[in-house]
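**Q** The following block contains the structure, expressed as structure tokens.
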Amino acid sequence: MVTSSGSARVDAESDFLKARRHQVLSALAARLRNDTDDVVQSMSFDEVVAALGRRGEHYVGTKVIPLDAIVGSVDKERDFDRRFRPTSTRSRERWERLARASRKGEVIPPIEVYQVGDYYFVRDGHHRVSVARSMGVDLIEARVTAVDTLLTPTGIDVKSDLELKHWRRLMLERVPFEGEARAAIAFDHAFQYGEIAETIEAWAARQMHAERAYMDKRTMAARWYAEEYLPVIELIEEAGIRGPKERPAAAYMRVACERYRLIREHDWNAEVMGQVRVKSRPPRR
């Protein structure tokens with residue numbers, strides 16, 4: 001609820017001090033919880049797009065967007081926190097000037113944002129966003145440019161999510177899965193994407209040597225999924241050696257590594273799986 005003393009100047013000063021106080025208290029609470037900086041800091045547009053892979057962009061036009069969907073900035077991610085509260089007093093004069101204008105009912109021009117999926121990143125208008133949020137506003141007018149990415153822009157709330165997306169994108173560049181396979185090969189840890197890419201490329205090298213024929217990347221991805229991954233996952237499920245919350249792709253890597261460690265064998269059959277089953281136990285969650 002926005003209160004008024006009757007003086008726009010006094011109220012604007014109070015608004016700024018309140019926003020700064022909330023930011024400081026929020027940062028302190030995050031420190032006490034041992035939260036990482038990326039939980040409370042505004043997200044970096046460049047980091048997000050680099051992780052997801054940029055395909056192109058197009059201007060959408062001017063529309064009203066929810067303030068809660070604005071999560072980051074193009075170039076001022078350290079000047080405001082995740083809820084766009086100012087992190088210092090450097091721009092206090094400008095902030096209070098906009099707050100006074102808002103309280104007087106003056107026309108505030110639209111902000112400019114990039115849209116990445118359901119997320120918005122401010123190009124111009126950081127202080128307008130900050131003032132609007134401090135006043136309890138839910139919506140804001142914005143000129144929107146949509147950015148198309150190689151990976152689906154979901155689940156990117158913190159930097160650790162971006163690292164996972166980054167390595168997934170690199171894996172898909174090396175092994176261009178499509179459709180069902182693209183969705184199935186997913187991990188919870190970034191390093192696993194590099195491991196499975198190397199595993200698939202090694203599998204393809206052995207196949208090409210045995211068949212004396214070249215295999216391009218798309219063929220490699222499709223054949224490995226159909227000829228190696230799916231049959232092995234079926235064996236893993238039958239043997240009951242996948243953990244209750246373990247992703248199928250993670251189970252494949254764990255069991256495949258255990259197989260090679262035990263018997264230095266690349267084939268899969270009932271005898272091999274029997275030996276692996278004795279030593280391999282699904283992780284407990």
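**Q** For residue 71, list long-range residues whose amide hydrogen, built 1.01 Å from N in the peptide plane, is under 5 Å from its own amide hydrogen.
**A** The answer is 120.
**Q** I've got another one for you. I'd like the FRET efficiency for residue 191 and residue 230, computed as 1/(1 + (r/R0)^6) with the beta carbon distance as r and R0 of 30 Å, rounded to 0.05.
**A** Step by step, r from the Cβ atoms, then E = 0.80.
**Q** Would you mind estimating how fast the chain diffuses translationally, via Stokes-Einstein at 25 °C and 0.890 mPa s with the Kirkwood radius over Cα pairs, in µm²/s?
**A** Numbers: Rh = 22.4 Å.
Value of D from the Cα-based Kirkwood radius: 110 µm²/s.
**Q** Taking amide H positions as placed in the peptide plane 1.01 Å from N, state which residues far from residue 60 in sequence (5 or more) or on other chains have amide H under 5 Å from it.
**A** Correct list: 144, 145, 146.
**Q** Taking the 0 to 90 degree range and rounding to the nearest ten, how far is the long axis of helix 230-239 tilted relative to the main principal axis of the chain, both from C-alpha atoms?
**A** 80
**Q** Right, another one. Using modelled amide H (1.01 Å from N, peptide plane; none on Pro or chain starts), what sits under 5 Å from the amide H of residue 186, excluding residues fewer than 5 places away?
**A** Residues meeting the amide H criterion: 249.
**Q** Report, largest value first, the span of the C-alpha coordinates of the stretch 52-120 along each principal axis, in whole Å.
**A** Its Cα atoms span 40, 26, 17 Å along the three principal axes.
**Q** What is the angle, in °, between the Cα long axis of helix 191-211 and the longest principal axis of the Cα atoms in the chain? Nearest 10 is fine, range 0 to 90.
**A** Compared with the principal axis, the helix lies near 30 degrees.
**Q** Moving on to the next point. Return a whole-number percent for the relative contact order of the chain, with Cα pairs under 8 Å and 6 or more residues apart as the contact set.
**A** That works out to 17 percent.
**Q** Same structure, new question: Which log10 I(q)/I(0) values, to two decimals, does the stretch 43-83 give at q = 0.20 Å⁻¹ under the Debye formula with one point per Cα?
**A** Calculated log10 I(q)/I(0) at the listed q: -0.81.
**Q** Moving to a separate point now. What full-extension length gain, to one decimal in nm, is calculated for residue 64 and residue 222 as 0.36 nm per residue of separation minus the Cα-Cα distance?
**A** 52.6 nm
**Q** Check each of the trypsin sites (Lys or Arg not before Pro) in the stretch 46-129 and keep only those in coil by DSSP with at most 14 other C-beta atoms within 10 angstrom; list them in order.
**A** Working: sites: 54, 55, 63, 76, 78, 82, 83, 90, 92, 94, 97, 100, 103, 104, 123, 128; in loops: 76, 78, 82, 83, 90, 104.
Answer by residue number: 78, 90, 104.
**Q** Working from Cα positions, state the angle (0 to 90°, nearest 10) between the long axis of helix 92-103 and the longest principal axis of the chain.
**A** For 92-103 against the chain, the angle is about 70 degrees.
**Q** Okay, moving on. What share of the DSSP beta bridges in the stretch 8-149 is antiparallel, in percent to the nearest 5?
**A** Bridges in the stretch 8-149 that DSSP calls antiparallel: roughly 65 percent.
**Q** Select from 172, 164, 235 the residue whose mean-square fluctuation is largest in a Gaussian network model of the chain (Cα-Cα springs shorter than 10 Å).
**A** 235
**Q** On to the next question. Under a straight-distance cross-link criterion of Cα-Cα below 30 Å, which lysines are reachable from residue 245, leaving out those fewer than 8 residues away in the same chain?
**A** Candidates past the 8-residue exclusion: 159, 165, 279.
Here, each number is a calculation from the coordinates, and none is a lab measurement. Here the structure is a predicted model, which means the values were calculated and not measured. Glycine gets a Cβ as well: all are built from the backbone with ideal geometry, and neighbour counts include every protein chain shown.
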